[in-house]
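Take a look at the structure set out below.
The values are calculated or read from the model by the stated rules, or taken from the named source; none is laboratory data. All figures in this text were calculated on a predicted structure; none of them were measured in a lab. Quick reminder, even Gly has a Cβ in these numbers, built from the backbone with ideal geometry, and neighbours come from all protein chains shown. Just the protein is used for accessible areas: all its heavy atoms, side chains included, with ligands, DNA and RNA removed. Shrake-Rupley method; radii C 1.70, N 1.55, O 1.52, S 1.80 Å.
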Amino acid sequence: LTVTDASSVLHHPLILDPSPVNVNAVAVEGIDHLNNIEQIVIDNPAAGNYSININGFSLPFGKQEYVLTYEIVKPSITVEYPFGGETLVPGDVENIRWDAYGTNGNNFKIEYSTDNGALWIPIDTNVAAANRVYSWTVPATVTNNALIKVSAKNTALADESDFKFSVIGRPVVTTTKVCTGAVELKWNTIAGA
């Protein structure tokens, strides 16, 4: 599979290096004589005509049917966690996760809201462009209306949690009066519960 773009640049499929020493290396463009499913990625494609060429490498039984699919991925940010519906505990460290495409190397700004997005409070205003995870210490504000927002600096790209999540303390449960067939559970009151 090859694609010639509007500027006459020839693109090959992404291939991985199968040698054990390079098993974690990023896929790069190259000629693929190994796989029967291939993928070409063209970042920020220019307008114009594109030519697709499909040639079989080793076809022992003559002609081979094939299927061609494509996808256009627009620049975007998607907050993946917290998505909404979670209950986070003040003081715990949670990993905020997001996916981003087409942010053109811009760093990220991460904010949270405790009032369903009426007011946004900065967590970090300069997260490296390559990051997609951020360790966040959950604040002590008890709420059922929390949201996370991630935006790419110097762009209009942003996303927030799809649904509200809660922040509330976790009780410490102790057992007393343990006897055959019964146990008494006790815990301290949690503010805001």
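Side notes on the structure shown:
- Model label points for E29 and D162, set 7 angstrom from Cα along the Cα-to-Cβ axis, are 3.4 nm apart.
- Stretched out straight at 0.36 nm per residue, the stretch from I72 to S135 would grow longer than its current Cα-Cα span by 19.6 nm.
- Sorted on the mean count of surrounding Cβ atoms within 10 Å across their residues, most packed first, peptides 52-59, 65-72, 39-46, 137-144 read 137-144, 39-46, 52-59, 65-72.
- Net lengthening on full extension, D17/K177 (0.36 nm per residue, minus Cα-Cα): 51.3 nm
- Per residue, the solvent-accessible area of region 121-193 (1.4 Å probe, heavy atoms of protein chains only, all protein chains present) comes to 65 Å².
- Across region 81-183, Cα pairs under 8 Å and at least six residues apart give a relative contact order of 36 percent.
- Here the simple spin-label model places points 7 Å from the Cα toward Cβ, and for N144 and A118 these points are separated by 1.6 nm.
- Debye, to nearest 20: dipole size of the chain, +1 on Lys, Arg Cβ, -1 on Asp, Glu Cβ: 580
- Percentage relative contact order, region 101-152, counting C-alpha pairs under 8 Å, at least six apart: 49
- Note on the chain: GNM, Cα springs under 10 Å; of G30, G62, G91, the largest mean-square fluctuation is that of G62.
- For the peptides 93-101, 168-176, the ranking by packing is 93-101, 168-176, with the highest mean count of neighbouring Cβ atoms within 10 Å listed first.
- The structure-derived value of Cα extents along the principal axes in Å appears in the list (1) 73, 41, 33; (2) 79, 50, 32; (3) 48, 35, 32 under the label (2).
- Cα centre as origin, Lys/Arg/Asp/Glu Cβ charges: region 94-193 dipole, Debye: 240
- Per-atom-type breakdown for region 1-136 gives carbon and sulfur 52% of the accessible area (1.4 Å probe, protein chains only).
- Region 1-87 - accessible surface per residue (Å², probe 1.4 Å): 83
- One decimal place: the segment L59-V41 gains 3.9 nm when fully extended, by the rule 0.36 nm per residue minus the C-alpha distance.
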